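Below is one structure, written out as structure tokens, with a few remarks after it.
The values are calculated or read from the model by the stated rules, or taken from the named source; none is laboratory data. As the structure is a prediction and not an experimental result, all values here were calculated from the model. Glycine gets a Cβ as well: all are built from the backbone with ideal geometry, and neighbour counts include every protein chain shown. Just so you know, the surface numbers come from the protein's heavy atoms only, side chains and all, with ligands and any DNA or RNA stripped out. Shrake-Rupley method; radii C 1.70, N 1.55, O 1.52, S 1.80 Å.
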Amino acid sequence: MDGIKYPVSADKSIRLLLKNKYTLNVESGSTKTEIKHWVELFFGVKIIAMNDHRLPRKSKRKKMRSMMGQTRHYRRMIITLESGYYIPPFRTK
């Protein structure tokens, strides 16, 4: 589960749960094949489809110095499961 960071609990992702779609944030270096393998292995589910999109980076400013930086980059995956399968809720840090 190195590539999966945490589940997303926004308004749209909660509405997608009714359609058996789950939203996860994953590391940007992970491929769709790796994420599919991790989810199927860890949760024991069958995946029908996976969609992803990269979220834009946000710039941030350090308080001590005037150097500009950027936040970490990650992707958001929307995973559609076969009917009858579900991912139980799990805690994040």
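Based on what the data block shows, is I48 open to solvent by 40 Å² or more (accessible area, probe 1.4 Å), β-branched (V, I, T) and either touching a residue at least 24 places away in the same chain (Cβ under 8 Å) or on the phi > 0 side of the Ramachandran plot (or both)?
In short, yes.
Just checking, how many residues over segment 1-48 are at pLDDT below 85, in a strand (DSSP E or B) and of a type in the set (A, V, I, L, M, F, W, C)?
1
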